[in-house]
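I have placed the structure first, in the form of structure tokens, so that the comments after it can refer back to it.
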Amino acid sequence: MATFSNGEYMLVASIAALFAIPLLHRVAERAGRAYSLLDGFVVVAVVGLALLEIIPLGVELAGWPALLAVIVGLLLPNFAERRFGGKSTRRAAAWAALAGMAFHAFTDGLALVGSQAHGHSEALGWAVTLHRVPEGLAVWWMLTGPDADDKSGRRAGFVGLAMLAAATLGGYVVGGATTVLDNSGFVGLLEAFVGGLLLHVASHGLGSSRSKRAAEHRYLPGVGGLLGLIAVVGLFVVPAAREGQAAFEAFWELLLESAPALLLAYGFAGLIGSVMGEAPARWLRRGGATSQAMRGVVFGLPLPLCSCGVVPVYRSLVDRRVPATAALAFLVATPELGLDAVLLSVPLLGVDMALLRVGVAFVLALAIGGVVGGWAERRAAELAPASAKVEVPRDAPPPEPKPLAGRLVDGLRTGYGEVLDSTGPWILVGLMFAALIQPWIDAEFFTSLGPVLQVVAFGLLGLPVYVCATGATPLVAVLIAKGLSPGAALAFLLTGPATNVTTFGVLEQLHGRKVALAFAAAMIVGVLGLGWGVNALWPEVGAASGVAGSHEGHGPLAIVSAVLLGGLFMVSLVRQGPRGFLGRLWELGGHDHDHGHGHGHHHHHHDHDHDHDDHDQAAASRGSSCCSHDCH
């Protein structure tokens, strides 16, 4: 009688798990509540599969170019939808993602063979089998989406599952003959591209037409998303943490570093309006553009806010109708001019370099606030409809103020509720992107460039990543000691704390794409000019700076803050549901765009190509809140 090896049993189990997906879907579809639960589970599981399994594997194999492949996979379908039409492009993107996932399944089959040779086949076999569930759900829901009728959708879904099964079997049969693929840069780029496609599909209409009704059961999609998050952590995060993968370690370090400031920032953002009332906003609205920009800088000086922490407060200021001149100056100056960072600069960078750091940050913040903010204000005034410019009579007496305790509760509820709902997804994206790219930054390569190119390289390097001003100071001190020019060091200290993916995303969300692009362009031009100017006028400043030792371990405050922040993000996920949570990443200028997210909001669908930026800017000029939606 033939006997089967453990690897063969695992192969059969992994394929059987795929074909259990249609049955699971059918059972859930017959029960509305179960379907709502499954809807949330699938969205989170697919996003987790892309972010925590496929994309990190691509980065591991191909290095930083894999991040470019992710961006292409995420944005290419958007471009194609505008160029060729939405329905056909979405179907093509789903089938392209399926082809890439079939290749990923092929490598799973190879892994089942390789695990037996290394004596840990059972653990890896179960890992492959279990993560077949999110893979199979992703394929089934991509191909049975709202663009397909029931019959053709189910047929396509079965074809997709059969492709995954055949690819897994093929990888197992081929075995070690193609292990060279595991180390191929091309494979890494392909994996990363597929990860980007999956993220696009997950946020643009994953699931059947019934998925849009999942939000009828208010919290069930969120609970399903929470269950999906638990599955994702068990399948991907825990094994990666045990293996000590660099990206996961970097994410945890960034979270520990930013969590205390983020908790403080969300609380302060809510209290600005409820406790302080209109006083800060009125003060920031006084005077001309230069005066407003100066006030924005001064307002942020005492606040211990980091690059991500300043974003919720910025959004709160915009909601209070603070002029863009003051708000943008605040956004740039606050994370750069923290008191702790400035004081740390004196022993590590020297007095002269510390003074230069303060001076160039002050100049840059005033310039960004005056130029970009002034332009944004003028543009908003031109685009705002006449009805928005009519003054409302103020005959009615002001309402009696609430007691202080009530205002504190309202403020905290706003900060840790509405503000966190709006900016939390972008903060997570910024931290994840920084964690993925950080292990691949080669400091020695950058310091080997000439002074002119160093300014360009370090200025651009700081744009997309999350860098705390205090945490970046020891790093810059070490780089200066290795030969980095002072202008390049200051360029990194300017762009790193003041900008990241979160910053640009929220600017686009609140003001529109043109203002976000103008902000990025002005930051680049300003930083390059200041960096080159410092190199020309003070080429030796900072050369005798102290060199920092290694970072000390994070204390209990950081760990507790990280746990609390994670809990708040999970509450936000349950409150909004996974589709609403992801939908925050596609809001522009306070106006929701229906990309088929199924947020549970009421939208009008636009299937043609158009630019919402003008409408978005007008909406932002009226102080429209990106959290004013009815979140289910």
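Please treat every number below as a calculation from the coordinates, not as lab data. From a predicted model like this one, the values you see are computed outputs, not experimental measurements. When we count neighbours, we look across all protein chains shown, and the Cβ atoms used for this are built from the backbone with ideal geometry, even at glycine.
If packing is taken as the mean number of other Cβ atoms within 10 Å per residue, what is the order of 499-506, 158-165, 278-285, 376-383, highest first?
Top of the packing list down: 499-506, 158-165, 376-383, 278-285.
First select every other residue whose beta carbon is under 11 angstrom from the beta carbon of residue 172; then total the charges, Lys and Arg +1, Asp and Glu -1.
Values: positive: none; negative: 8, 108.
Combined, the nearby Lys, Arg, Asp and Glu give -2.
For residue 563 paired with residue 246, estimate the spin-label separation in nm (one decimal), with each label point 7 Å from Cα along the Cα-to-Cβ line.
3.1 nm
Points 7 angstrom from Cα along the Cβ direction at residue 230 and residue 278: gap in nanometres?
Simple spin-label model gives 4.8 nm for this pair.
Quick one: which residues, 5+ away or cross-chain, put their amide H under 5 Å from the amide H of residue 219? H built at 1.01 Å from N.
It is none; the list stays empty.
Which order, highest average first, do 413-425, 14-26 follow once you tally other Cβ atoms within 10 Å for each residue and take the mean per peptide?
413-425, 14-26
Can you list the HN-Hα couplings for region 228-235, worked out from phi with the Karplus curve (6.51, -1.76, 1.60; θ = phi - 60°), rounded to whole Hz and with x for Gly and Pro?
Computed from phi, the couplings for region 228-235 are x, 5, 4, 5, 4, 4, x, 7 Hz.
How much length is gained if the chain between residue 536 and residue 166 is pulled fully straight, taking 0.36 nm per residue apart and subtracting their Cα-Cα distance, in nm to one decimal?
Net length gain for the segment: 126.9 nm.
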